[in-house]
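Participant: Right, I'll just put the structure down here and ask away after.
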Amino acid sequence: MAYLPIFVEAQRCPCLVVGGGRVALRKVQALLEAGAAVTVISPEARPEISSLARSGKLRLLAREYLRGDLRGFALVFVATNDPRVQHAVSREAGECGIPVNVVDVPELSSFISPSTLRRGALTVAVSTAGASPAMARRIRERIGRLFGSEYALALEVHRAARRHLRAVEADPGRRALRMARLAASSLPARLRRGDIEGANRLLLRHIGAGLEGLGFAPAALAACEPASEVDR
């Protein structure tokens, strides 16, 4: 199978998870992190899912899936080992034109979920087209060793640098060149080492403003955002 890699805006997107176990919990957590409006259908659910339902963060229907349950949803995940439910949900999703992922059953899915690495605004998704989720995880872990949590802060600095350049540099070509030079610099490594003086020199050279000039208080530079590595 050939897949098109895309990132979907999921804010307030109505999403359904069929299943209530460990894998379903991972899907739920990923969807909530993306801001989706989540419903779970399962006769039994892990305590974490039940707790999220009680706190109003998702809707839990404590029963079996019924035909017609997919009405109104934009995205569906099936996280159950019951082949009958897997086939039934996949069939209804196909009839309704709703994208569906049946976990670990690519032949019943219209999309698959990659193994994902997150560092703040940086997201790296790895897929083997369903051939080997274990290999996808291993590749993600190797990438994670190359891109540490300092990239979360580095990207926030880049975001601020772009805003600054839009205000002071009228030529789009020159703005792009200056940002490209910053991207090729050792800024992430300097942030990782806590070399604020060195980071300031780089920014002044390429952007014309240091960290404080870009709006970063000294306290904000003390720690990089914790890494998040998820296999969803």
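Participant: Quick check for me: using +1 on Lys/Arg Cβ and -1 on Asp/Glu Cβ, what's the dipole size of the chain about its Cα centre, in debye to the nearest 20? Don't skip to the answer; put the middle values down first.
Facilitator: Numbers: 34 positive and 22 negative charges, 116 e Å.
Once rounded to the nearest 20, the dipole reads 560 debye.
Participant: Starting with the highest mean, order 169-176, 145-152, 62-69, 108-115 by the number of other Cβ atoms within 10 Å, averaged over the residues of each peptide.
Facilitator: 108-115, 145-152, 62-69, 169-176
Participant: Hey, what's the Kirkwood Rh for the chain if you take every pair of different alpha carbons, in angstrom?
Facilitator: Values: mean 1/r = 0.0496 Å⁻¹.
Answer for the chain: a Kirkwood hydrodynamic radius of 20.1 Å.
Participant: Need the full-extension length gain, GLU33 to THR123, defined as separation in residues times 0.36 nm minus the C-alpha distance. One decimal, nm. Intermediate values should be presented prior to the final figure.
Facilitator: Numbers: separation 90, 0.36 × 90 = 32.40 nm, distance 1.30 nm.
Residue separation times 0.36 nm, minus the Cα-Cα distance, leaves 31.1 nm.
Participant: What does the convex hull of the Cα atoms come to per residue for segment 1-91, in Å³?
Facilitator: On the way: hull volume 9.9 nm³, N = 91.
Here the figure is 109 Å³ per residue.
Participant: Right, next: Where both partners of a DSSP beta bridge lie in the chain, what percent of those bridges are antiparallel, to the nearest 5? Please list the in-between numbers first.
Facilitator: Values: 9 of 24 bridges.
Approximately 40 percent, going by the DSSP bridge assignments.
Participant: Looking at GLY148, ASN101, PHE77, which one has the Cα that reaches farthest to the positive end of the dipole of segment 1-155 (charges on Cβ: Lys, Arg +1; Asp, Glu -1)?
Facilitator: GLY148
Participant: Okay, moving on. Across bins of 10 angstrom width beginning at 0, how are the C-alpha pair distances of segment 99-230 distributed, in whole percent?
Facilitator: 12, 34, 26, 17, 11, 1
Participant: For ARG174 and ARG159 in the same chain, what is the full-extension length gain: residue separation times 0.36 nm, less their Cα-Cα distance, in nm?
Facilitator: Numbers: separation 15, 0.36 × 15 = 5.40 nm, distance 1.65 nm.
Result: 3.7 nm gained on full extension.
Participant: Here's something else I'd like to know. List the trypsin sites (Lys or Arg not before Pro) in segment 12-41 that DSSP assigns to loop (not H, G, I, E or B) and whose Cβ has at most 11 other Cβ atoms within 10 Å. Which are they? Show your work: numbers first, answer last.
Facilitator: Values: sites: ARG12, ARG22, ARG26, LYS27; in loops: ARG12.
Here the sparse-neighbourhood loop sites are ARG12.
Participant: Treating the angle as unsigned and between 0 and 90°, give the value, to the nearest 10°, between the Cα long axis of helix 150-168 and the longest Cα principal axis of the chain.
Facilitator: The angle comes out near 60 degrees.
Participant: While we're here: Per residue of segment 26-40, in order, report the coupling 6.51 cos²θ - 1.76 cosθ + 1.60 (Karplus, θ = phi - 60°) as ³J(HN,Hα) in whole Hz, putting x for Gly and Pro.
Facilitator: 4, 5, 4, 4, 5, 5, 5, 4, 7, x, 6, 8, 9, 10, 10
Bear in mind these aren't lab numbers, they're just calculated from the coordinates by the rules spelled out. What you see is a predicted model, and the numbers here were worked out from it, not measured in a lab. Cβ sites come from the backbone with ideal geometry, for glycine too, and all protein chains shown count toward neighbours.
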